[in-house]
Amino acid sequence: MNGNFKNIEIKSPNLAVDSNNSMIDTLLISSQDSTVNLGNKSYFKNINLLGNADKTKMFLNGNSENLTIDSKDNNIYINGKIKNLDIKANSVDSVIKINQNGIVQFLNAEVLVALKGSGIINKFHAEKRDYLQSDVKINEVFIVEDENAKNEVETLIKDLPKDLALDNKSNVDNARVAFDNLTIEQKALVRNDVLNSLENAEANIVELEIQEAKIIEVKRRAIEARQNAQNQQSTDVKKPTINQGGTKLVAFTFDDGPNSNVTNRIIDAFSNVGGHGTFFVLGNNVAKERNTITRIYENGHQIGNHSYNHKDLTTLNKADLDWQINTTNSEIQSIIGATPTIVRPTYGKVNNFVVNNVNYPLINWNIDTLDWKYRDSQSIFNIVMNNIHANSIVLFHDIYPTTASAIEILLPRLSEMGYQFVTIEQLAAYNGINLRSHNIYYSMN
Ligand code: NI
């Protein structure tokens, strides 16, 4: 046939279309065993082989636009130029032969077909890598294979938080495995910023694991040192004092710290005379004073709870009170691996609500050095010397250098006078007092 045709549809089997000089807009083939022969000077815009168009034989010589194949067992011979060749899912067992002068500009394959001949495919777009078996020269390949997987990887990696907790390690590992499983082409398509965030996340994880290992080691050493210090204390306390006719024990207590500059001087002063004190720390100091907390504990001193941020406990509701006490205890626990068992109320202020709702013994004092007020080591020294007696609980604050200076002169002097410095728990134990929650202690007399 010759001429221009808008639409031709072949519905009956075994028909042949033979055209040599035709322009065809759309040729639909929906029956099997058809033969289509388009000669050199023919041009078509669309040829569609629909589901039933099995075993079609097609010879295409001219330059044309869209050929869509969606039926099986076809033999297509391409001798001219075709812009788009779409091989749909039903096109199994088809053979497409692209001869020497044949060019397919863009081939999209949803299934595997045999591509034979010595022609050229410019761009090959395949759903899967397997579909790429071909004798034909292919200039550019794009494999869709698991497009979802690629997207999933991008999402996985992108969603990784910037600073990861250790329990996100499995997410990072999954993202890495998914990325490693991508094809080379897909890897190239994963965006650089996305890949960078995976690499950062992996670096963070390694850093966190190192830190975690360090914390565990510090805790282990702290517990060991604590044990040694306690063993030492039990011999300290039983040791008779010099010429004083009996053991005079006092508990020095330090609030509002720790503060590395001051607290470390106090720890050193205790080490020099062989005694121990009690440090009532604030929860919000703990993280930044990690090393000082560890050192207090390792040296055998007692650590108590002085609320999280020094709120007046008598003004709080139950939830806020619990939060102040519990958060502080868990901050401390996270560093030394042990939980404080005593609480010092802020400002020494207590009421029935505080007594009833704090589930730890409340430890106040009977000697106030007023170190926070005068910030004067001589004044602190005088107050202590004028008031000290056995079983006292003395209040200091390990946040003032003047307090450390006072301690540095007080401890050797009192030690010479036969005093021994013990923790709150030791002072109670020595006096046979069983510290109980919902009770307030001012001294151990
Ligand atoms: Ni305080």
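Observations on the structure shown:
- Residues being farther than 24 Å from GLN100 by Cα and loosely packed, with under 15 Cβ neighbours inside 10 Å are represented in region 21-44 by at least one member.
- Unmet requirement for ASN259, which otherwise passes all of (1) open to solvent by 10 Å² or more (accessible area, probe 1.4 Å); (2) within 16 Å of the ligand (Cβ to nearest atom); (3) over 31 Å from the mean Cα position of the chain (by Cα); (4) of a type outside the set (A, V, I, L, M): (3)
- Scanning region 263-288 for residues that are open to solvent by 30 Å² or more (accessible area, probe 1.4 Å), away from the ligand (no atom under 15 Å from the Cβ) and over 19 Å from GLU416 (Cβ atoms) yields a total of 4.
- Residue check, ILE399 modelled with pLDDT under 95 and either in contact with a Pro (Cβ under 8 Å, 6 or more places away or on another chain) or in a loop (DSSP other than H, G, I, E, B) (or both): no
- Selected residue (only one of ASN74, ASN14, ASN63 is surrounded by fewer than 20 Cβ atoms within 10 Å (Cβ to Cβ), more than 20 Å from ASN122 (Cβ to Cβ) and not hydroxyl-bearing (Ser, Thr, Tyr)): ASN14
- Flag for LEU362 being crowded, with 18+ Cβ neighbours inside 10 Å, under 42 Å from the mean Cα position of the chain (by Cα) and within 15 Å of the ligand (Cβ to nearest atom): yes
- Members of region 204-219 found to be within 16 Å of the chain's Cα centre (by Cα) and open to solvent by 60 Å² or more (accessible area, probe 1.4 Å), listed by number: VAL206, GLU207, GLU209, ILE210, GLN211, GLU212
- Residue check, TYR308 aromatic (Phe, Trp, Tyr), closer than 30 Å to ALA225 by Cα and within 16 Å of the ligand (Cβ to nearest atom): yes
- The lone criterion from (1) open to solvent by less than 10 Å² (accessible area, probe 1.4 Å); (2) within 13 Å of the ligand (Cβ to nearest atom); (3) at negative phi left unmet by PRO340 is number (2).
- Taken over region 365-390, the criterion of being hydroxyl-bearing (Ser, Thr, Tyr), more than 16 Å from the ligand (Cβ to nearest atom) and open to solvent by less than 30 Å² (accessible area, probe 1.4 Å) is satisfied by SER379 alone.
- Only one entry of LYS238, LYS219, LYS248 meets the criterion of being charged (D, E, K, R), modelled with pLDDT under 75 and either within 16 Å of the ligand (Cβ to nearest atom) or farther than 27 Å from TYR308 by Cβ (or both), and that entry is LYS238.
- When the test is whether a residue is in a strand (DSSP E or B), free of Cβ contacts under 8 Å to residues at least 60 places away in the same chain and open to solvent by 70 Å² or more (accessible area, probe 1.4 Å), ASN122 does not pass it.
- When region 289-332 is limited to residues that are among the hydroxyl-bearing types (Ser, Thr, Tyr) and touching a Pro at 6+ places or on another chain (Cβ under 9 Å), the one that is surrounded by the fewest Cβ atoms within 10 Å (Cβ to Cβ) turns out to be THR314.
- Out of GLU416, GLU408, one residue alone is away from the ligand (no atom under 16 Å from the Cβ), within 17 Å of VAL273 (Cβ to Cβ), open to solvent by 40 Å² or more (accessible area, probe 1.4 Å) and in contact with a helix residue (DSSP H, G or I) (Cβ under 7 Å, 6 or more places away or on another chain). It is GLU408.
- Residue check, ALA53 in a loop (DSSP other than H, G, I, E, B), hydrophobic (A, V, I, L, M, F, W, C) and within 21 Å of ASN7 (Cβ to Cβ): yes
- Of all residues in region 125-156 being part of a loop (DSSP other than H, G, I, E, B) and β-branched (Val, Ile, Thr), the one that is surrounded by the most Cβ atoms within 10 Å (Cβ to Cβ): VAL136
The values are calculated or read from the model by the stated rules, or taken from the named source; none is laboratory data. Here the structure is a predicted model, which is why all the values come from computation and not from measurement. Neighbour counts run over all protein chains shown; Cβ positions are idealised from the backbone, glycine included. These area figures cover heavy atoms from the full protein model, side chains too; ligands, DNA and RNA do not enter into them. Shrake-Rupley method; radii C 1.70, N 1.55, O 1.52, S 1.80 Å.
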